1. Dimensions of segment 164-302 along principal axes (Cα, Å, largest first)?
2. Let's test the formula: R0 of 30 Å, r as the Cβ-Cβ distance of residue 46 and residue 152. What FRET efficiency results, to the nearest 0.05?
3. Could you work out the mean projected area of the convex hull around the alpha carbons of segment 128-187, in square nanometres to one decimal?
4. Given segment 14-88, what percent of its DSSP beta bridges are antiparallel, to the nearest 5?
5. So if the hydrodynamic radius of the chain is defined as the Kirkwood radius over C-alpha pairs, what does Stokes-Einstein give as its diffusion coefficient at 25 °C and 0.890 mPa s, in µm² per second?
6. Using packing as a proxy for protection, rank 230-241, 111-122 so that the peptide with the highest average count of other Cβ atoms within 10 Å comes first.
7. Expressed as a rounded percentage, what relative contact order does segment 1-131 have, with Cα pairs under 8 Å and six or more residues apart?
8. Along Cα→Cβ, 7 Å out, is where each label goes; now give me the distance between the ones at residue 79 and residue 302 in nm to one decimal.
Ligand code: EPU
């Protein structure tokens with residue numbers, strides 16, 4: 001990769017960017033799948049416009065990585081570098097009913113941190129792996145909660161404008177697993193306005209969601225959560241289950257026995273195995289139900 005160039009390394013370091021060469025993305029994704037590339041960790045949001053100019057000038061393609069939990073990365077040597085925010089300390093600051101959160105903060109920890117300050121609303125998101133930035137970009141949701149409902153302000157690197165902007169919540173549209181951000185915008189920080197609730201009550205809600213999740217989803221197995229979005233009015237998992245496809249495998253990529261919309265890496269699955277399984281299941285659903293499923297998992301090909 002071009003980041004080996006001594007001059008580029010020097011400029012990265014001047015921007016406060018830590019370079020880690022030849023990183024296996026399988027170690028940074030919850031699916032445990034992904035080839036190798038260079039990882040650039042950003043310690044200062046303000047350095048991002050200059051960093052992207054530097055990469056563009058040197059024809060180095062890039063992608064933004066959040067927590068790697070909703071992501072299927074291609075195999076082998078990857079043709080782009082990965083940018084990731086380093087987590088500041090503290091990553092969440094509470095002022096009244098507002099939580100100011102860095103995009104690199106862990107979502108689950110943020111939910112419990114806010115709970116300890118008697119701020120609730122996000123109980124349903126407990127157990128959703130990944131960062132707050134990743135959840136925000138795709139409007140993650142579960143058990144009737146979606147993060148977008150609480151957003152009052154977002155600090156974002158706007159790729160098209162090549163600058164950092166602050167957007168108000170009402171300037172962003174949040175839909176089911178979709179937002180109006182451009183695919184190459186980078187979430188930097190968010191302010192959530194959360195309802196006041198006693199800690200004990202929030203904890204009770206968290207326990208209920210944890211139980212529901214444990215009862216229906218594979219925990220402790222390598223997965224990217226649901227593979228397909230739910231088509232309007234129906235559940236992709238139920239359709240795949242009805243077709244008897246639980247346990248269907250390609251190599252070590254396998255439709256979970258627990259929840260048919262979770263595909264797990266049962267060992268050393270490759271991206272190719274997982275993509276073949278996704279295509280196969282998608283075709284079978286379309287043939288029987290006439291519904292073309294849309295990926296929920298984000299795919300970065302090599
Ligand atoms: N079902 C089956 N078999 C299965 C899976 C589900 O019959 O293998 C049935 C269930 O019995 C239920 C219905 O399908 O009657 C819906 O299942 P579930 O409640 O598990 O919800 P889901 O629609 O499959 C969605 C989200 C999940 C989220 C849960 C809980 C999507 C694609 N999935 O799943 O989100 O955790 O609701 O709110 O929107 C994710 O985004 O990655 C994800 C896992």
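1. 45, 38, 33
2. Numbers: r = 22 Å, r/R0 = 0.73.
E between residue 46 and residue 152, to the nearest 0.05, is 0.85.
3. Mean projected area for segment 128-187: 3.9 nm², to one decimal.
4. Numbers: 6 of 14 bridges.
Expressed as a percentage, antiparallel bridges in segment 14-88 total about 45.
5. Value of D from the Cα-based Kirkwood radius: 121 µm²/s.
6. Descending packing order for the listed peptides: 111-122, 230-241.
7. The normalised contact order for segment 1-131 reaches 21 percent.
8. My value for the distance between the label points is 1.1 nm.
No lab work stands behind these numbers, since they all come straight from the coordinates. Here the structure is a predicted model, which means the values were calculated and not measured. When we count neighbours, we look across all protein chains shown, and the Cβ atoms used for this are built from the backbone with ideal geometry, even at glycine.
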